[in-house]
Amino acid sequence: QVQPVESGGGLVQAGGSLRLSCATSRNIYSIYDMGWYRQAPGKQRELVARIISSGPTTYADSVKGRFTISRDNAKNMVYLQMKNLKPEDSALYYCNMKAYNYDGWGQGTQVTVSS
């Protein structure tokens, strides 16, 4: 199976912004569920944001109003725009894509927010 590939992580100061990207070689129209998850050291992986094919989005309470998930069907991409970043947002961010008989996870991209 071909897994999604994340990019865009990095080191940023608190209050800064980053945009994460996730690319897939699968037909994006077959993917009904796309999500961004994160895992900080010593913590469980948690859902950050999710978008389903019909458009509705879901966000963790901790990122509402600061993060925006979007998808570009023409480019087979999903994005996570992150603004007003906080040190507690530091984590390894994973892209997840679900289709029929497919549950793909990327390798993760590191986001570090300094105070």
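So, ASP72, is that one under 18 Å from GLY16 (Cβ atoms) and of a type in the set (Asp, Glu) or not? No, not satisfied.
Identify the residue in segment 31-46 that is over 14 Å from VAL78 (Cβ atoms) and part of a strand (DSSP E or B) and, among all such residues, is least open to solvent (accessible area, probe 1.4 Å). Filtering segment 31-46 for residues that are over 14 Å from VAL78 (Cβ atoms) and part of a strand (DSSP E or B), the one least open to solvent (accessible area, probe 1.4 Å) comes out as ARG38. For segment 105-115, residues that are assigned to a strand (DSSP E or B) and of a type outside the set (A, V, I, L, M) total 5. Selection over segment 59-92 of residues that are open to solvent by 60 Å² or more (accessible area, probe 1.4 Å) and either of a type in the set (Gly, Ala, Ser) or part of a strand (DSSP E or B) (or both) gives a count of 4. The residue that is nearest to TYR94 (Cα to Cα), among those in segment 15-25 that are assigned to a loop (DSSP other than H, G, I, E, B) and at pLDDT 95 or above, is SER17. Quick check on segment 93-104: of everything there that is in a strand (DSSP E or B) and among the hydroxyl-bearing types (Ser, Thr, Tyr), which residue is nearest to VAL12 (Cα to Cα)? Step by step, filter segment 93-104, then rank; the result is TYR93. The single condition among (1) surrounded by fewer than 16 Cβ atoms within 10 Å (Cβ to Cβ); (2) over 13 Å from ASN96 (Cβ atoms) that GLY8 does not satisfy is (1). Checking the conditions here, which among ILE28, ILE52 is over 19 Å from ALA91 (Cβ atoms) and open to solvent by less than 50 Å² (accessible area, probe 1.4 Å)? The conditions single out ILE28. Can you name the condition, by its number, that VAL12 falls short on among (1) assigned to a strand (DSSP E or B); (2) under 13 Å from CYS95 (Cβ atoms)? That leaves (2) as the condition not met.
The values are calculated or read from the model by the stated rules, or taken from the named source; none is laboratory data. Model, not experiment: these values are computed from the prediction. Cβ: placed from backbone, ideal geometry, glycine included. Neighbour counts: every protein chain shown. Calculation scope for accessible area: heavy atoms of the full protein, side chains included, ligands and nucleic acids excluded. Shrake-Rupley method; radii C 1.70, N 1.55, O 1.52, S 1.80 Å.
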